[in-house]
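Visitor: Handing you a structure now.
The values are calculated or read from the model by the stated rules, or taken from the named source; none is laboratory data. The model shown is predicted, which means the values in this text are computed figures rather than measured ones. Methodologically, a virtual Cβ is constructed for each residue, glycine included, from the backbone with ideal geometry; neighbour enumeration extends over all protein chains shown.
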Amino acid sequence: MKNRAAVIGAGSFGTALSTVLTENYSDVSLWARRAELADAINKTRTNERYLPGIQLADAITAYSSLAEAVVGCTFVLLVVPSHAMRETVRALAPHLHPDAIVVHATKGMELDTLKRMSEVIAEELPVSFRSRIAVLSGPSHAEEVGTKAPTTVVVAAPDRKVAEVVQDALMTNRFRVYTSPDVIGVEVGGALKNIIALGAGVSDGLQFGDNAKAALLTRGLAEITRIGVKLGANPLTFSGLAGVGDLVVTATSRHSRNWRAGNMLAQGMTPDEIVDQMGMVVEGIKTTKAVNELAKKYEIDMPITRELHALLFEGKEPREAVNHLMGRVRRHETEDMALRYFENQ
Ligand SMILES: NC(=O)C1=CN([C@@H]2O[C@H](COP(=O)(O)OP(=O)(O)OC[C@H]3O[C@@H](n4cnc5c(N)ncnc54)[C@H](O)[C@@H]3O)[C@@H](O)[C@H]2O)C=CC1
Ligand SMILES: O=C(CO)COP(=O)(O)O
């Protein structure tokens, strides 16, 4: 048993990951922004607001003070929504153990800067942390992690030894962790699959059927790969857990908030109404905005993202968006961008 680990963010996934950590750590702290939530978790040994029905081990203690949550921790897992990452890391920085490994499991991009989460974290921490920032991603709905259903994820870090420390910290007989050197690919896959899952929800909401959904996932993966490679990812990463794996689960699972949000969009609800009704983070909405900007910046064709942007923010009707997608000029299927990546190796 290791000593003490911290999870920053007591939403659904932070809470689920804290239960995983109790299998390898004798003391797991779970930071909640609101003191009432921390108190309720400590009192009831459950997080009824974000992960109902899951009994939390005694090894978990919730805190609302960042300083108290991370004292003595050389393993810190950040699981806050993407819009809260910068402010949270900024507040956390003075309290971090100088040798801490900082892992994030957040699937989004920073809207104002279009940066990936590891870039945001690196900007807010001293340079000495650079090689100790990692990302965890893959098909892992909190509800199933919480009930110890078999789950596999991938951890990427620039330094293989760091990735292996994270693997060691989280691996259990129900939570299998792979490693990867491709931080960019793992972050891009995790963030962008939410856009395609929103689209799958729209398609299902309109009762378009299985052919349409399969096409959406496949061509969605093509555009994720296209922008991912432009940003420096290895295209093979998108065939892995952070690519296909997470895309499939998010676009088909009843647990997926992004898929459910797409369904609501097809029923005519606005993004604000959807977020209000969900009561939990729907990362794909902001990510669509960020990635639509990125695509323009790098001149990458992302037709599905573009149509979703029009649906979410420009008042386009879902059926009109589908007509646009189906009526585009004819193209080859092969991804020239990915092929060029290998030619340049
Ligand atoms: N729920 C899931 O199954 C999975 C979620 N993720 C990712 O984990 C991240 C967190 O998602 P969930 O835990 O599901 O969210 P959630 O919607 O269950 O909870 C969000 C949490 O963030 C807190 N929060 C909101 N604004 C904040 C702020 N400004 N500062 C600090 N904390 C704030 C809320 O109080 C709440 O505790 C997201 O990026 C999500 O994509 C990744 C894998 C699986
Ligand atoms: O990333 C997830 C599963 O791997 C969670 O997806 P949702 O945010 O759509 O629920």
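Per-residue answers, yes or no, for (1) within 16 Å of ligand 1 (Cβ to nearest atom); (2) surrounded by fewer than 21 Cβ atoms within 10 Å (Cβ to Cβ):
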{"position": "G232", "(1), (2)": "no, yes"}
{"position": "L236", "(1), (2)": "no, yes"}
{"position": "S239", "(1), (2)": "no, yes"}
{"position": "A242", "(1), (2)": "yes, no"}
{"position": "V248", "(1), (2)": "yes, yes"}
{"position": "A251", "(1), (2)": "yes, no"}
{"position": "R257", "(1), (2)": "yes, no"}
{"position": "A261", "(1), (2)": "yes, no"}
{"position": "L265", "(1), (2)": "no, no"}
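Visitor: Helices (runs of 4 or more DSSP H) wholly in segment 101-195 with at least 3 residues that are farther than 25 Å from E87 by Cα - which ones?
Guide: Per the criteria, 142-146, 160-170.
Visitor: While we're looking at this one, here's another question. Condition test on E273, is it within 21 Å of H83 (Cβ to Cβ) and more than 16 Å from ligand 1 (Cβ to nearest atom)?
Guide: yes
Visitor: I'm told N263 meets every condition in (1) closer than 21 Å to E110 by Cα; (2) in contact with an Asp or Glu (Cβ under 7 Å, 6 or more places away or on another chain) except one. Can you identify the failing condition by its number?
Guide: Failing condition for N263: (1).
Visitor: With the condition kept exactly as written, say whether any residue in segment 37-54 is of a type in the set (A, V, I, L, M, F, W, C), in contact (Cβ under 8 Å) with a residue 40 or more places away in the chain and assigned by TED's automatic domain parsing to the domain that holds E144.
Guide: Within segment 37-54, one or more residues are of a type in the set (A, V, I, L, M, F, W, C), in contact (Cβ under 8 Å) with a residue 40 or more places away in the chain and assigned by TED's automatic domain parsing to the domain that holds E144.
Visitor: Output yes when any residue across segment 331-338 is β-branched (V, I, T) and at pLDDT below 85, and no when none is.
Guide: Yes.
Visitor: Tally the residues that are assigned to a loop (DSSP other than H, G, I, E, B) and either in contact with a strand residue (DSSP E or B) (Cβ under 7 Å, 6 or more places away or on another chain) or among the hydroxyl-bearing types (S, T, Y) (or both), restricting the search to segment 291-317.
Guide: Result for segment 291-317: 0.
Visitor: Out of all the residues in segment 208-244, which are modelled with pLDDT under 95 and outside any helix (DSSP H, G or I)?
Guide: Of everything in segment 208-244, those that are modelled with pLDDT under 95 and outside any helix (DSSP H, G or I) turn out to be F208, G209.
Visitor: Give me the residue from segment 196-207 that is part of a helix (DSSP H, G or I), of a type outside the set (S, T, Y) and in contact with a Lys or Arg (Cβ under 8 Å, 6 or more places away or on another chain) and, out of that set, farthest from ligand 1 (Cβ to nearest atom).
Guide: D204
Visitor: Oh, and also: Please determine whether any residue of segment 6-21 is assigned by TED's automatic domain parsing to the domain that holds K148 and surrounded by fewer than 20 Cβ atoms within 10 Å (Cβ to Cβ). Steps first, please.
Guide: In the first step, residues of segment 6-21 are kept if they are assigned by TED's automatic domain parsing to the domain that holds K148; the result is 6-21.
Subset that is surrounded by fewer than 20 Cβ atoms within 10 Å (Cβ to Cβ): none.
No, that holds for no residue.
Visitor: I need the full set of residues from segment 87-102 which are crowded, with 19+ Cβ neighbours inside 10 Å and within 12 Å of ligand 1 (Cβ to nearest atom), in order please.
Guide: Within segment 87-102, T88, V89, L92 qualify.
Visitor: Mind checking whether some residue in segment 149-158 is more than 16 Å from ligand 2 (Cβ to nearest atom) and touching a helix residue (DSSP H, G or I) at 6+ places or on another chain (Cβ under 9 Å)?
Guide: Yes, because at least one residue in segment 149-158 is more than 16 Å from ligand 2 (Cβ to nearest atom) and touching a helix residue (DSSP H, G or I) at 6+ places or on another chain (Cβ under 9 Å).
Visitor: When you go through (1) touching a strand residue (DSSP E or B) at 6+ places or on another chain (Cβ under 8 Å); (2) touching a residue at least 40 places away in the same chain (Cβ under 8 Å); (3) surrounded by fewer than 19 Cβ atoms within 10 Å (Cβ to Cβ) one by one for P181, which number turns out not to apply?
Guide: Answer for P181: the failing condition is (2).
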